[in-house]
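Just so you know, all these numbers are worked out from the coordinates, no wet-lab data involved. Values in this document were obtained by computation on a predicted structure and should not be read as measured data. With ideal geometry, Cβ positions are generated from the backbone for all residues, glycine too; neighbour counts draw on all protein chains shown.
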Amino acid sequence: MSVKTKAQLSTQSDVIKNETANKANTKTRIAQMFQDLIDSMIGIKDSRPWVDCGTWDASGNAFPTNGGTGDTGTILGGNTFEISNGGTLSDQDGNPQAVNKYATIRALADTPGQDGSKWRISF
């Protein structure tokens with residue numbers, strides 16, 4: 001067995017640190033790729049948990065702008081509402097979509113406003 005110099009040990013230590021960091025980064029990248037794959041397969045861009053915020057009257061043909069779980073009732077991603085009165089809302093492509101009573105709408109982003117691509121309509 002040969003005795004290693006301080007410089008050789010330091011170099012070996014740096015190699016081990018780099019390999020450990022690379023493994024951690026690889027695990028993070030794989031986890032993100034896996035999550036992206038699942039999201040694309042089921043069509044979800046925001047995987048935050050659903051939060052029931054009650055009902056929403058869609059007869060005004062608009063998404064909710066208040067009644068969410070954010071400060072002062074702002075809508076946050078995951079906030080979900082059951083339609084109490086039907087109306088017409090924009091779908092993810094911006095096309096008008098009739099929604100009936102008992103359908104649900106879920107915000108995919110914080111403060112989604114009236115952008116249909118930031119909401120998910122479920123019938």
| message | Taking the conditions exactly as written (loosely packed, with under 13 Cβ neighbours inside 10 Å and among the polar types (S, T, N, Q)), does Asn85 satisfy them or not? | response | no
| query | Which residues, counting only those in the stretch 90-121, are part of a strand (DSSP E or B) and charged (D, E, K, R)? | reply | Arg106, Arg120
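Give the number of residues within the stretch 85-112 that are over 19 Å from Pro49 (Cα atoms) and not aromatic (Phe, Trp, Tyr).
17
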| Within the set of pairs 6 or more residues apart or between chains, which connect a residue that is over 11 Å from Trp50 (Cβ atoms) inside the stretch 66-84 to a residue that is among the small types (Gly, Ala, Ser) and part of a loop (DSSP other than H, G, I, E, B) with Cβ atoms less than 6 Å apart? | Gly73/Gly67; Thr74/Gly68; Ile75/Gly68; Leu76/Gly68; Leu76/Gly70; Ile83/Ala103
| query | Mind checking which pairs have a first residue in the stretch 94-108 that is within 7 Å of Ile83 (Cα to Cα) and a second that is in a strand (DSSP E or B) and of a type outside the set (Val, Ile, Thr), Cβ under 8 Å, 6 or more apart or different chains? | reply | Lys101/Ser84; Lys101/Asn85; Tyr102/Glu82; Ala103/Glu82; Ala103/Ser122; Thr104/Phe81; Thr104/Glu82; Thr104/Ser122
